[in-house]
Each structure stands twice: as structure tokens, then as C-alpha cells.
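Enquirer: Take a look at this one; I'll ask things after.
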Amino acid sequence: MAANPSFDIVSKVDRQEVDNALRQAEKELATRFDFRGTGAEISWSGEEAIGLQAETEERVRAALDVFKEKLVKRNISLKSLDAGEPRPSGKIFKIDCKVIQGIETDKAKAISKKIRDEGPKGVQAQIQGDQLRVTGKKRDDLQAVISLLKGEDFGVALQFNNYR
């Protein structure tokens, strides 16, 4: 007899897709007429951080909108991008963005509690680092858990993988 069916709940972002979106946004900022002469730039500032800057607060917000648009086109959830507020830095305005990877412990506990309270009987969720493993006796129960979680908003982009 095989082990109980299971799947993992993760929150991962393909860094290459984020990089592609960043490059597309960079190209658009360089060519669009309304960004000419505003000093609008976007670049990586570390492994999981992105920096935007422009001469005015309005232009840096518009540059962020361009970047978000590129992320959506590449099927990356905006929940995995944590963008700060524009802040002045000398004569320019900057926005720092973080790419969120993994599920934080408090959010993992909330997801686990949701499964325990509203999910089918016999389904268990275990927190394993920055992901959750959900096991159950029947595959149908696991399908019900996936549809339950897709209907909720936990503030993180959830992916379901390793479905066995």
C-alpha cells in the first residue's frame, strides 16, 4: 500500500522571470516619451531587492506601475512584491521593493488553522520551514483543500506542487 496522498504549499518566485520583467520595464522606461528626462531607472539592489528612482514622486510611482504591469504579464503575482513608499533621497525619489519568497511562520499557522477548521476530516498540514505539507487519506480531500485555499487571501502568493 502506498503512502497517503500529499502536496506542498509553497510561495516561490522564479527569479529569472522577475529579471525578465525588470529588463522589459527598464527598456520601456528608456524609450517611453513621458519618462524622457525624468531620470527614471530600475535595477536590482541585492539578491531579492529591486530599486526604482526618478526625479519626481509621480514619475517613480509611474515607473513602479510599469514594473508591476510587466510582472503581471509574466504571471508573477503582485503579492510576491513588497513595494515601499516613495522617499526623497537628495534631488531624486526612490522606492525599494522586495521579492517575497517562502511563507512566514504566522501566515503558515493561519493556513494550517484554516485547513484544520474548514477542510475535510482526516487532512493534516505540517509546517516545514517556509512551506507546508498537506496529507490526507483521499485525493478528493486534497483537491477540496486546494480549492478552499484558492478562495482565501493570506497575503502571499501560494503555489501547490509535489501533488502525489
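Enquirer: For the range 21-51, name all the residues that are polar (S, T, N, Q) and part of a helix (DSSP H, G or I). Give the derivation first.
Expert: Start the filter on the range 21-51 by keeping residues that are polar (S, T, N, Q), which leaves 24, 31, 38, 43, 45.
Passing the criteria: Gln24, Thr31.
Enquirer: Do we find that Ala83 is under 18 Å from Ala21 (Cα atoms), touching a Leu at 6+ places or on another chain (Cβ under 7 Å) and surrounded by fewer than 18 Cβ atoms within 10 Å (Cβ to Cβ) in this structure?
Expert: Criteria met by Ala83.
Enquirer: What are the residues in the range 1-15 that are assigned to a loop (DSSP other than H, G, I, E, B), at pLDDT 90 or above and surrounded by fewer than 17 Cβ atoms within 10 Å (Cβ to Cβ), if any?
Expert: Lys12, Asp14
Enquirer: Kindly evaluate Glu41 against the criterion of being surrounded by 14 or more Cβ atoms within 10 Å (Cβ to Cβ), more than 30 Å from Gln124 (Cα to Cα), touching a Lys or Arg at 6+ places or on another chain (Cβ under 8 Å) and not assigned by TED's automatic domain parsing to the domain that holds Arg139.
Expert: no
Enquirer: So, one more: Taking the criterion of being over 23 Å from the mean Cα position of the chain (by Cα), surrounded by 12 or more Cβ atoms within 10 Å (Cβ to Cβ) and in contact (Cβ under 8 Å) with a residue 60 or more places away in the chain, would at least one residue in the range 144-151 satisfy it?
Expert: Scanning the range 144-151 turns up no residue that is over 23 Å from the mean Cα position of the chain (by Cα), surrounded by 12 or more Cβ atoms within 10 Å (Cβ to Cβ) and in contact (Cβ under 8 Å) with a residue 60 or more places away in the chain.
Enquirer: Could you identify the single residue in Val18, Val60 that is in contact with a strand residue (DSSP E or B) (Cβ under 9 Å, 6 or more places away or on another chain), in a helix (DSSP H, G or I) and touching a residue at least 60 places away in the same chain (Cβ under 8 Å)?
Expert: Going through Val18, Val60 in turn, the sole match is Val18.
Enquirer: Could you look through the range 121-142, keep only residues that are among the charged types (D, E, K, R) and outside any strand (DSSP E or B), and pick out the one that is surrounded by the most Cβ atoms within 10 Å (Cβ to Cβ)? First the steps, then the outcome.
Expert: Taking the range 121-142 as the starting set, the residues that turn out to be among the charged types (D, E, K, R) are 121, 130, 133, 137-141.
From what is left, the residues that are outside any strand (DSSP E or B) are 121, 130, 137-141.
Working: Lys121: 7, Asp130: 15, Lys137: 13, Lys138: 13, Arg139: 14, Asp140: 11, Asp141: 18.
This residue is Asp141.
Enquirer: Can you tell me how many residues in the range 21-57 are touching a residue at least 40 places away in the same chain (Cβ under 8 Å) and charged (D, E, K, R)?
Expert: The qualifying residues number 2.
The values are calculated or read from the model by the stated rules, or taken from the named source; none is laboratory data. Bear in mind the structure is a predicted one, so any value in this text is a computation, not a measurement. Methodologically, a virtual Cβ is constructed for each residue, glycine included, from the backbone with ideal geometry; neighbour enumeration extends over all protein chains shown.
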